[in-house]
Amino acid sequence: MFKLYLATAKVIHFNRFDNRMKNYMLFFLFFTPFFSFAQVTESFFDGNFTQNPAWLGIESNFKVNQAFQLQSSAQVASTSYLFTSSQAIENTVWECKLRLDYPTSSSNYACVYIISNACKLENGLKGYFVQVGGTNDEVSLYLQEGTQKIKIIDGVDKRTEGKSLEISLKVNRDSLSVFRLYSKLPSEAEYMFEGETQNSKVLKSKYFGLSYTNTSTTGNCYYFDDIQVTGSKVNDLIPPELNNLEIKNPDKLNFQFSEPVDCSDLKIKIDGEFVRILHQQIAENMETVQIEVDWEFQTSKRYVIEVFGLKDEAGNLLLKNKRTVGVKESICPGDVVFNEVMFHHADSSAEYIEFYNRSEKVIDLSGMIFTTRKSDGSLNSGIKIPVNSWMFPKEYLAFTSDTTAVINHHTCPDGVNLIQTDWNTLNNESATLILTNSNKDTIFDEFSYQESMHHVLVKNPKGVALERVYAELPTPDLRNWHSAASSHNYGTPGFINSQHRNTDVSIDEQEKNFYFENQVFSPDNDGDNDVCVLYFKLPNAGYIINIAILTPGGEKVYDLAKQFLSGQQGFFTWDGRNQKGKVSNIGVYVFYVEFFHPETGKRKNSKLPIVLTSR
């Protein structure tokens, strides 16, 4: 016999073969509400599943057979389910018996939803379920968040193998959110321990459910009985959370909350001003809400949205009620670029990757992928960027596996844009980084780094990041990358780079063909003029440029450019190293520049002095 104790059900199980016991239990049933609110028995002995308690779902694919068992009755290949109310979760035991008259497989298996916030499967739910069968023919416990299902207890393989299966399940959950899973075959006297785990992702329950997945020939092969749930619900003291907020142009706000919410007292501020709510549209699960407001949102702008008066079903008010968002715009290649990478982190820190939004758009990176390229050119699986990864114009955003360690190690300023995410270890010597969409069919930026790109003074690159120098220049240009300065412990994750330079120059400088960013530089990697930058602006493209760096006495120190075919404008950088790869001595040096145009024959040369100093 199957027994079901559900926190909100109203029928107590009785011995169907003993009329005297039946009468006694019917008498006890009358008084049950006065004695116990934590357990109720359901045995399908009344011949239906529509009342006492009511089970809801795909009712047409279930029936109570002559043996008073809940049996599947699907006509085609499908997944069918029934749910009934159950708030039991604290110090709770769930038990259920199943019979499957067909070998389990990836197309034939059953699930028992011990905890669920929803009574439907189509749109996903938050909860836990035991799966009986599947590819590995096992009994396992899963966490489900939305449509994502994660196995948290991996049962014994081949446990459910066989043409016909009868099995009893039992799951315990204690007050510390530790789950213990057991199963028992008819030939076994005691339950076998399948495993245990601690998981507190879901802390409330509203429903208990049953489901089966069948092929076209197994629609009547699933049986459920003797289901029992004993335990208590938890007093809900946890406030709801705002999981996501999006602006829908021109006057709508889409909210996604962590649980069902009550919007009857909702008020909204935009940029410190209360706005009039024109219309509310609440989804069936009461977790998604669309609000139309008396406000016209514009692109490329930042808005501070505050929510007041919103509470969950238990009356807990939303506490973290402020979010900064904008009107999301489509990202194009080159809008967001790699800006910094820590590929060999210090022992007290962690690796990270930083992006820069050089566009005028508000961009949401949520759901995109950053990954690396394999040797054959294909892409690795990579890391999915989490929700709420917003980037406003000219803003930095970094990702790491350990935000606390990175912030502490690099003494990051308050409000730094750093998000913790999953991580795949980066190669300490070289790799090609990719920013792509979820389908991996569009590359938005690509950067190939090498350990040798570090400054000559960096003897040990461990703990030193590579930083982008000019935001506007191409990512692949090796001249556009430099070792991070010591000012923030050799890294600036989530804020402006220590080696950042602007390409803006004065009108007087632009009138020259060649000009320095600064007349003095100190290649000591302290973040202050570490690199000598020589800009050029020519009458037209197509010039051939040769640049030799000389001592005042004419001795060649370094060939900066040889037969370089130029565009109309650009730049060269010198990090102070000589032909032998060592930093040159302190002193004055001369850039001897020759440039000529092969078509016009126009030729010029100039000598430009620069001072290499130390700080």
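Scan the range 327-338 and tell me whether some residue there is part of a strand (DSSP E or B), more than 26 Å from L253 (Cα to Cα) and touching a residue at least 40 places away in the same chain (Cβ under 8 Å). Yes, the conditions are met somewhere in the range 327-338. Filtered by the rule that a residue be touching a strand residue (DSSP E or B) at 6+ places or on another chain (Cβ under 6 Å), in a strand (DSSP E or B) and without any contact (Cβ under 8 Å) to a residue 60 or more places away in the chain, the range 399-429 gives F399, I419.
The set of residues in the range 122-148 being under 13 Å from N199 (Cβ atoms) and surrounded by fewer than 21 Cβ atoms within 10 Å (Cβ to Cβ) consists of Y142, L143, E145.
Which is within 18 Å of I549 (Cα to Cα), surrounded by fewer than 17 Cβ atoms within 10 Å (Cβ to Cβ) and not acidic (D, E), of S606, S614, S584?
Values: S614 fails: within 18 Å of I549 (Cα to Cα); S584 fails: surrounded by fewer than 17 Cβ atoms within 10 Å (Cβ to Cβ).
Every option except S606 fails the conditions.
Yes or no, residue by residue, for (1) in contact with a Pro (Cβ under 7 Å, 6 or more places away or on another chain); (2) buried (at least 18 other Cβ atoms within 10 Å of the Cβ); (3) not acidic (D, E):
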position	(1), (2), (3)
T372	no, no, yes
N380	no, no, yes
T403	no, yes, yes
V406	yes, yes, yes
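How many residues are within 29 Å of the chain's Cα centre (by Cα) and either outside the structural domain of N321 (by TED's automatic domain parsing) or of a type in the set (S, T, N, Q) (or both) if we restrict to the range 246-296? Before the answer, list the steps.
Of the residues in the range 246-296, the ones within 29 Å of the chain's Cα centre (by Cα) are 246-263, 266, 268-271, 280-292.
Keeping just the survivors that are either outside the structural domain of N321 (by TED's automatic domain parsing) or of a type in the set (S, T, N, Q) (or both) gives 249, 254, 256, 258, 280-281, 285, 288, 290.
Adding up the residues that qualify gives 9.
Just the residues that are surrounded by fewer than 20 Cβ atoms within 10 Å (Cβ to Cβ) and small (G, A, S), please, taken from the range 220-258. Answer for the range 220-258, where residues must be surrounded by fewer than 20 Cβ atoms within 10 Å (Cβ to Cβ) and small (G, A, S): S232, S258.
For the range 536-549: of the residues being out of contact with any helix residue (DSSP H, G or I) (no Cβ under 7 Å at 6 or more places or on another chain) and modelled with pLDDT under 90, which is surrounded by the most Cβ atoms within 10 Å (Cβ to Cβ)? Here the answer is Y543.
Collect the residues in the range 152-208 that are of a type in the set (S, T, N, Q) and surrounded by 14 or more Cβ atoms within 10 Å (Cβ to Cβ), keeping them in residue-number order. The answer is T160, S168, N172, S177, S183, T197, N199, S205. Selection within the range 176-191: residues that are among the small types (G, A, S) and in contact (Cβ under 8 Å) with a residue 24 or more places away in the chain. The member of this set that is farthest from D157 (Cα to Cα) is S177. Strands (runs of 3 or more DSSP E) fully within the range 430-482 that include at least 1 residues being touching a residue at least 24 places away in the same chain (Cβ under 8 Å) and surrounded by fewer than 16 Cβ atoms within 10 Å (Cβ to Cβ): 443-450. For V590, indicate whether it is modelled with pLDDT of 85 or more, within 42 Å of the chain's Cα centre (by Cα), surrounded by 12 or more Cβ atoms within 10 Å (Cβ to Cβ) and assigned to a strand (DSSP E or B). Considered against the rule, which asks whether it is modelled with pLDDT of 85 or more, within 42 Å of the chain's Cα centre (by Cα), surrounded by 12 or more Cβ atoms within 10 Å (Cβ to Cβ) and assigned to a strand (DSSP E or B), V590 comes out as no.
The values are calculated or read from the model by the stated rules, or taken from the named source; none is laboratory data. Remember, it's a predicted structure, so these values are computed and weren't measured experimentally. All Cβ positions, even for glycine, are placed from backbone atoms using ideal geometry, and neighbour counts span all protein chains on display.
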